[in-house]
Each structure stands twice: as structure tokens, then as C-alpha cells.
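Structure, as C-alpha cells:
The values are calculated or read from the model by the stated rules, or taken from the named source; none is laboratory data. Here the structure is a predicted model, which is why all the values come from computation and not from measurement. Cβ placement follows ideal geometry from the backbone for every residue including glycine, while neighbour counts extend to all protein chains displayed. Note: accessible area is taken over every heavy atom of the protein model, side chains too, but ligands, DNA and RNA are not part of it. Shrake-Rupley method; radii C 1.70, N 1.55, O 1.52, S 1.80 Å.
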Amino acid sequence: MSYRRLGDMVKFISNKNTDGNATVLFGINIDKFFMPSVANIIGVDLKKYKLVKKYQFACNRMHVGRDERLPISMSTFDYDFIVSPAYDVFEVTSSDVLPEYLMLWFRRKEFDRQCWFYTDADVRGGLHLDALKSIEIKVPSIEEQRQIVAQYQSIANKIKVNEQICEKLEAAAQALYKHIINLSEVKITYRLGDLIEIKGGFSYNSESLGKGNTYLLGMGCVSFTERFVESGMRLYSDDIPSTHIVKSKDIIIATRQQSENMPILGFPAMIPSSLKEKRLVIASNLYRVVNKSNLSNELIYQILKSDDYQNRIKEQTKGTTVGMITKDAIEDFIFEAPEIEILISQQEKINTIVSQIFCKKEETQKLTQLQSLLLSRLGRK
């Protein structure tokens with residue numbers, strides 16, 4: 001077993017999309033996954049973009065100093081795609097190094113810290129290519145690499161199954177909500193603001209980030225696909241007004257739209273039970289829902305996830321240059337449902353489904369921690 005320079009195990013390549021056959025453009029997020037690019041490519045010559053094939057890597061060295069991470073990922077797709085000409089693309093050339101193992105090393109926090117350390121030499125916070133090539137990586141035998149990759153992939157598969165189960169449970173909860181609101185032919189018209197109140201978040205000081213034991217929740221905690229994302233939380237000073245404190249099962253709402261391809265504007269997220277022991281506060285780019293009714297937060301959450309509510313949000317923000325939803329637009333949402341007693345009598349069924357979702361999410365969190373432990377052990381001597 002030995003440590004070897006990255007530059008001695010890989011070859012950097014710059015194959016352009018000269019024939020124009022590849023039309024899928026990906027970027028790389030800070031969690032080291034390829035994602036559809038939000039760049040406007042209308043009228044852009046895609047033949048100048050770099051081609052990425054299966055098991056090849058791409059990375060963006062430009063903002064490592066700012067993000068404290070190197071956005072890097074390995075293609076597992078069965079088709080070629082393109083990335084920005086500013087990205088670096090490389091492939092493994094050593095026969096005794098698995099690309100999958102190398103990607104696990106890139107996921108280590110220690111690797112990101114090392115990349116960040118090297119950015120001190122660049123005033124813009126970029127990582128020089130020579131510095132990236134010089135990073136040393138522990139290379140065990142090919143058999144051990146296969147075992148490590150298999151262990152990690154086994155955990156990843158369990159996480160994927162849990163995520164699929166959660167998606168089905170989310171759909172089941174919404175289907176049950178639609179059934180409940182149609183239980184009675186006699187409907188009552190409700191104004192959402194008579195059931196809840198929307199409160200704003202906390203205008204935080206960036207200098208207080210990382211200085212306390214309170215977790216600051218911002219836009220990064222709300223995802224259109226994953227609902228609530230714990231990786232978006234940041235530590236913050238404990239000197240915060242109690243009026244902005246939130247807790248497990250509270251509902252938060254994104255006030256702005258991050259991009260056209262990430263329509264989380266007005267979308268709700270429920271804070272998971274796994275955070276019940278933590279002190280949480282929301283930033284000013286989030287709203288929190290204060291429940292004034294006898295309905296459960298779980299049922300209120302389904303109202304906010306309904307097609308009628310989402311269509312209301314789209315109508316309210318249509319034609320605006322900056323996607324943003326106001327407090328009044330949410331509270332003035334009108335919907336029809338049976339009398340409140342019927343809703344209360346049925347809400348326990350929805351509560352049960354949401355509890356099942358939380359259980360699966362907690363299990364996923366533990367599996368994710370197990371993944372992190374496995375990655376941290378890669379560097380042990």
C-alpha cells in the first residue's frame with residue numbers, strides 16, 4: 001500500500017463535442033454530483049464544450065477557496081454528455097486504480113480541506129491544476145479497492161431504496177389528502193390565513209456564522225425534490241431572538257426562486273424529527289408557518305403541497321422579473337374542504353404516513369453517517 005500523486009494516475013484530456021452529437025449539458029454541484037446545467041445555451045456553439053464519457057471525471061477548480069469544496073464527479077452514465085469548457089476532464093490511466101475508488105477518495109472531507117489549503121496561492125480562490133495533480137492519494141491493492149467500493153455501494157443502494165420509499169409515501173399522503181377533502185359533498189370555503197400565520201425569518205450577520213451551536217436554515221435546506229436537506233444547515237451564533245426559532249415538524253417555505261430549473265418558490269418543507277434535539281433558526285429567505293388551528297402540521301403540509309396551492313403560487317408570481325412569494329399570497333390562498341371536524345377525524349392517517357417518512361429519513365441519515373465513516377477510514381495508515 002502506498003500514497004501516489006493524482007497526476008501520476010490520471011490523464012487530463014480535452015475532447016471537444018466536435019460532431020455536436022452530445023446535447024446534454026451538466027454542471028457539478030458541491031455535493032459532487034452531475035446535475036442539469038442552468039446556463040442559458042440558446043445560440044451557444046455546443047461544439048466547443050468538453051465531452052465526458054463513462055468513468056471519466058470532470059471538476060471545476062474556480063471557486064474552491066470560496067466554497068471550501070472541489071466540485072468533482074465521475075460519470076456513471078451510459079451516454080456521453082458535455083460540460084463547460086472551463087472544467088477539467090480526466091480519466092484513470094493506472095491499471096491498479098479503480099475509478100470508483102478514486103471517486104470515493106474525492107468525497108472525503110480531508111480531500112476538500114487539502115484542496116482548499118492550496119487555494120491560498122490564488123487571489124480568486126481557484127485551485128491550480130499543478131496543485132490538484134500533486135495531491136497524494138492512498139492506493140491499496142485492487143482487491144481491497146473493490147471491497148471498499150462494494151461496501152460503499154451497498155450503503156448507497158440502501159439509501160436509494162429509502163428515498164424511493166419516501167417518494168411513494170409522499171405520494172400516498174397527498175393522495176389521502178385529496179380523498180379526505182372529497183369525503184363530504186358539503187364543502188366549506190377556507191382561507192389559509194385563517195388556519196395559519198406566515199412569519200418571516202432572521203436577517204443574519206455572516207460574521208456570526210460558525211460561532212455557536214444554533215443551526216441556521218436557509219434556502220439550501222429546501223429542495224424541490226428532497227423537501228428538506230440537512231446539508232444546507234450552517235452553525236450560527238446562539239444570540240438570536242426566540243421569535244425566529246423553529247423545531248421538528250414545523251413547516252418552512254422558500255420565499256424565492258433560485259433558478260428556472262429549481263422551482264422551489266413557495267414550496268414547503270417539514271423539519272424532520274431527527275433535528276428535535278438541535279436549536280434551529282430560519283434565515284430571512286424562508287418563511288415559517290405558525291399553525292393557529294386544530295389541524296395537524298402534517299395536514300397543513302399536505303395543503304401546501306396540493307396542486308391548487310402550487311398553481312396559486314405560479315399565478316401570483318407570473319410576469320415578475322424576480323421570483324418571490326409574499327406572505328399575503330400564501331395566506332390568501334382559498335380552498336374547499338369538508339367541515340373542520342371531518343378533517344380532524346381523518347388527519348391521524350396522514351400523521352401516520354408522515355411519521356413513516358421521518359423514520360425512513362432518520363434511517364437514511366444514519367446510513368449517510370456510515371458512508372462518511374467509511375470515507376474517513378480510507379486515509380488511515
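With the condition kept exactly as written, say whether any residue in the range 103-112 is free of Cβ contacts under 8 Å to residues at least 60 places away in the same chain, open to solvent by 30 Å² or more (accessible area, probe 1.4 Å), out of contact with any His (no Cβ under 8 Å at 6 or more places or on another chain) and of a type in the set (D, E, K, R). The answer is no, given that none of the residues of the range 103-112 is free of Cβ contacts under 8 Å to residues at least 60 places away in the same chain, open to solvent by 30 Å² or more (accessible area, probe 1.4 Å), out of contact with any His (no Cβ under 8 Å at 6 or more places or on another chain) and of a type in the set (D, E, K, R). Within the range 27-49, being under 23 Å from PHE111 (Cβ atoms), open to solvent by 20 Å² or more (accessible area, probe 1.4 Å) and not acidic (Asp, Glu) holds for ASN29, ILE30, PHE33, PHE34, MET35.
A count restricted to the range 71-96 and to residues that are among the hydrophobic types (A, V, I, L, M, F, W, C) and under 21 Å from the mean Cα position of the chain (by Cα) stands at 4. ILE344 satisfies every condition listed in (1) modelled with pLDDT of 90 or more; (2) open to solvent by less than 60 Å² (accessible area, probe 1.4 Å) except (2). For the range 61-82, the set of residues classified as touching a Ser or Thr at 6+ places or on another chain (Cβ under 8 Å) and modelled with pLDDT of 95 or more consists of PHE81, ILE82, listed by residue number. Only one of SER141, SER134, SER73, SER94 is over 30 Å from GLN356 (Cβ atoms) and buried (at least 16 other Cβ atoms within 10 Å of the Cβ); which? Unique residue meeting the criteria: SER73. The condition of being part of a helix (DSSP H, G or I), under 27 Å from ARG191 (Cα atoms), out of contact with any Cys (no Cβ under 8 Å at 6 or more places or on another chain) and of a type outside the set (A, V, I, L, M) holds for only one of THR352, THR368, that being THR352.
Exactly one residue out of LYS158, LYS133 is out of contact with any Gly (no Cβ under 7 Å at 6 or more places or on another chain), basic (Lys, Arg) and in contact (Cβ under 8 Å) with a residue 12 or more places away in the chain, and it is LYS158. Residues that are open to solvent by less than 40 Å² (accessible area, probe 1.4 Å) and within 29 Å of ARG234 (Cα to Cα) within the range 163-199 comprise CYS166, LEU169, GLU170, ILE196, ILE198, listed in sequence order.
Scanning the range 116-128 for residues being loosely packed, with under 13 Cβ neighbours inside 10 Å and not in a loop (DSSP other than H, G, I, E, B) gives a total of 2. For LEU209, all conditions in the list (1) of a type in the set (A, V, I, L, M); (2) buried (at least 18 other Cβ atoms within 10 Å of the Cβ); (3) modelled with pLDDT under 90 hold save one; what is the number of the exception? Tallying (1) of a type in the set (A, V, I, L, M); (2) buried (at least 18 other Cβ atoms within 10 Å of the Cβ); (3) modelled with pLDDT under 90, LEU209 fails exactly one: (2). Of the residues that make up the range 298-311, is at least one among the small types (Gly, Ala, Ser) and at pLDDT 95 or above? No - not one qualifying residue is present in the range 298-311. If the condition is being aliphatic (A, V, I, L, M) and either open to solvent by 30 Å² or more (accessible area, probe 1.4 Å) or modelled with pLDDT under 95 (or both), then the range 3-24 contributes ALA22, VAL24.
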